[in-house]
Amino acid sequence: MYKYTYTYLRIYILHRSNMAKESEPWEWRMSFPDGMSMLFISECIPHTPGFIVGLLFKSLELMQSGWRYGTSEPRKIIHCFKVGMAMCLVSLLYYVNPLYEGVGGNAMWAVLTVVVAFEYTVGATICKCVNRTTATFIAGALGVGVHWVATRFGKAWEPIILQGSVFVFASSATFLRFLPSVKKHFDHGALIFIFTFILISVSGYRVPDLFDFAQHRLSNVAIGTSICVVTSIFCCPVWAGNELHSLILNNMEKLADSLDAYVAVYLRDDADDMKKEASKEKLVGYRSVLDSMSTEESLVNYARWEPAHGGFSFKHPWKDYLELGTLLRSYANCIDALSGIVSDTKAPAFLKMQFSTVCLKLSLNSSAVLRELVVVVRTSAESPKIGLRLNEMCVAVQELHNALKALSNQNTVATETKAEEFSEGKGELNVLPFVAIVQLVTLSSLLIEIVARTEKLVKAVNILAHKVTSSE
């Protein structure tokens, strides 16, 4: 029903636009007190109804795209409700008189804390809340201390000392924000430190009781961060650890699907039909793995702040996921090179007969090992099938080496024969098949490199599973 209404509205807009173009402009005359009159011709009024309907049409398009995104990502909608609930809770500081009097009338700091510190995952929320609370406490203590020292030098020197301290601490904190380790973990805390220190130290020049002012700010920040943490943990929590775990598993499955799809498209006879039938998501799924580095690093950073949840203990080896992600990206680079070969050339028929079986066998075994590694990462237990798959993969590598040697010997003899015929004027020297041979050798080299990187993945996953088991 919504689809038909959407279509009718679009037809109506086009109809109104055509009417606006074909209609005559509006005219009216205005008389002035001195007897003069002037004729006005409107050019925008006929287009005004079309503009309003077009604006309504754009609004409906926005609502439609928002509805599609909400149905595909329901957890994002839940997060929006969580933010609204946290804002309602912190707003009670204004509506309830005892609470308003208890926070000293500075409840807006608690509201701003909820707005700034509430994040999508639990780890990100805890990280920001701890940064904000710690920075507020340190900056407040330093601000009160600097004010106390400045007052001991008298009114003449007090503003000079305050301005000098603001310059020194603001410059130092800003410089620390450029350091990679500080920017990665404490950037928000450094920013809040600058803001709070300047606020308290400068306000102390006019505020009579600076200690109470700093205490009220710290208490409001503590209230806001507590509401954020409690709401994030106990109301439909989204754990950064689970997100990281799912991301690694999905990346492994995408690499396995892409490897199978590209090798099958290159070697089979119905390559064009295979490209049409193969899902585009499988063919380009490896590309998302190449772009996942920043996401993995942020999730690892936030997961370390989270308490024990689900199957993840507080000492879970989150850093090992970074090494695993690096190996997966190197694996994806090989598939990216493989995709270039598939898009450039097709394997000749006489080469397909020799290499299709062994190459398909090698790629299927490699992807099967990846899928078994998914099970190992998910369950944190070694799979008995991996050893069998690795043996089959090694056998396929040896068969591929033998096929390459046989092809090399065959082409050496064929080249010598054609060279003799060409020198005697009995034939032509055809070098076109050698281009396809080079492409096939490159494909074989990439598959062998994929096998080597698969073995590295197996070692990394086994180490991760052992650490997870020992940390429980």
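The values are calculated or read from the model by the stated rules, or taken from the named source; none is laboratory data. Not measured: the values here are computed from a predicted model. Cβ: placed from backbone, ideal geometry, glycine included. Neighbour counts: every protein chain shown.
Which of the following residues is surrounded by 17 or more Cβ atoms within 10 Å (Cβ to Cβ), of a type in the set (Val, Ile, Thr) and either within 22 Å of the chain's Cα centre (by Cα) or in a helix (DSSP H, G or I) (or both): 144, 115, 149, 182?
144
The condition (being part of a helix (DSSP H, G or I) and within 26 Å of residue 300 (Cα to Cα)) is satisfied by just one residue among 77, 138, 52: 77. Comparison of 227, 223, 200 shows that the only residue that is buried (at least 19 other Cβ atoms within 10 Å of the Cβ), touching a residue at least 60 places away in the same chain (Cβ under 8 Å), in contact with a Lys or Arg (Cβ under 8 Å, 6 or more places away or on another chain) and not assigned by TED's automatic domain parsing to the domain that holds residue 358 is 200. Checking the stated criteria, residue 89 turns out not to satisfy the condition of being under 27 Å from the mean Cα position of the chain (by Cα) and at pLDDT below 95. Entry remark, segment 232-248: residues being β-branched (Val, Ile, Thr) and within 21 Å of residue 85 (Cβ to Cβ) number 2 in total. For the condition modelled with pLDDT of 85 or more and hydroxyl-bearing (Ser, Thr, Tyr), residue 279 does not qualify. Suppose we keep only residues that are hydroxyl-bearing (Ser, Thr, Tyr) and buried (at least 18 other Cβ atoms within 10 Å of the Cβ) within segment 304-346. Which one would you say is farthest from residue 470 (Cα to Cα)? Residue satisfying both the conditions and the ranking: 339.
Of all residues in segment 118-135, those satisfying the criterion of being hydrophobic (A, V, I, L, M, F, W, C), part of a helix (DSSP H, G or I) and under 30 Å from residue 245 (Cβ atoms) are 122, 124, 126, 127, 129, 130. Being over 12 Å from residue 198 (Cβ atoms) and surrounded by 17 or more Cβ atoms within 10 Å (Cβ to Cβ) is the filter here; which residues of segment 156-175 pass it? Correct list: 158, 161. Whenever a residue of segment 356-381 is over 21 Å from residue 322 (Cβ atoms), its partners that are of a type in the set (S, T, N, Q) and buried (at least 18 other Cβ atoms within 10 Å of the Cβ), lying with C-beta atoms within less than 6 angstrom and at least six residues away or across chains, give the pairs 366/454; 369/454; 372/383; 375/383.
Only one of the listed residues (323, 306) is part of a helix (DSSP H, G or I), within 30 Å of residue 119 (Cβ to Cβ) and either modelled with pLDDT of 90 or more or within 25 Å of the chain's Cα centre (by Cα) (or both). That residue is 323. Apart from one condition, residue 217 fits all of (1) assigned to a helix (DSSP H, G or I); (2) modelled with pLDDT of 90 or more; the exception is (2). Candidates 402, 411, 462: the one that is at pLDDT 80 or above, farther than 20 Å from residue 372 by Cβ and part of a helix (DSSP H, G or I) is 402.
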